[in-house]
Amino acid sequence: MITIQIKRQNQSLILDIQGHALFAPKGEDIVCAGVSTASIMTANLFDQVTNTTSTLTDGKLTVTVHTFLSSHQYILDVFKKAIDDIDASYPGYVIWKESEEA
């Protein structure tokens, strides 16, 4: 199972993407490949337009957008749409969670 956790803290946005879909064997898993591609593209887009910190380890990507502005929302919306499309084709392999902290 892949878990995508979106946390809003004050002016920051934190994306934690972790886990493995286990849809198919390693190297053949289309769900993992799709989520990985969408996640890396999202991290790169945020990096191009604002101050971010990203860490990537085996099975986990964390992207911290230090100053998340309303004008950045479209990047998150496109990422969510990509994940929703993957989930529609391969249901039950990805969980999306959002939380807001003051």
Seminar exercise, completed: Out of (1) more than 21 Å from Glu100 (Cα to Cα); (2) modelled with pLDDT of 95 or more; (3) among the aliphatic types (A, V, I, L, M); (4) assigned to a strand (DSSP E or B), the one Leu45 does not meet is (4)
Exercise. If a residue has to be buried (at least 16 other Cβ atoms within 10 Å of the Cβ), of a type outside the set (A, V, I, L, M) and under 14 Å from the mean Cα position of the chain (by Cα) to count, how many in region 40-51 make the cut?
Worked result: 2
Problem set entry | Enumeration of residues in region 10-35 that are crowded, with 17+ Cβ neighbours inside 10 Å and free of Cβ contacts under 8 Å to residues at least 40 places away in the same chain | Asp29, Cys32
Seminar exercise, completed: Scanning region 57-102 for residues that are part of a strand (DSSP E or B) and surrounded by fewer than 14 Cβ atoms within 10 Å (Cβ to Cβ), the one modelled with the lowest pLDDT turns out to be Glu101
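The values are calculated or read from the model by the stated rules, or taken from the named source; none is laboratory data. Given the structure is predicted, the values throughout are model-derived calculations rather than measurements. Cβ sites come from the backbone with ideal geometry, for glycine too, and all protein chains shown count toward neighbours.
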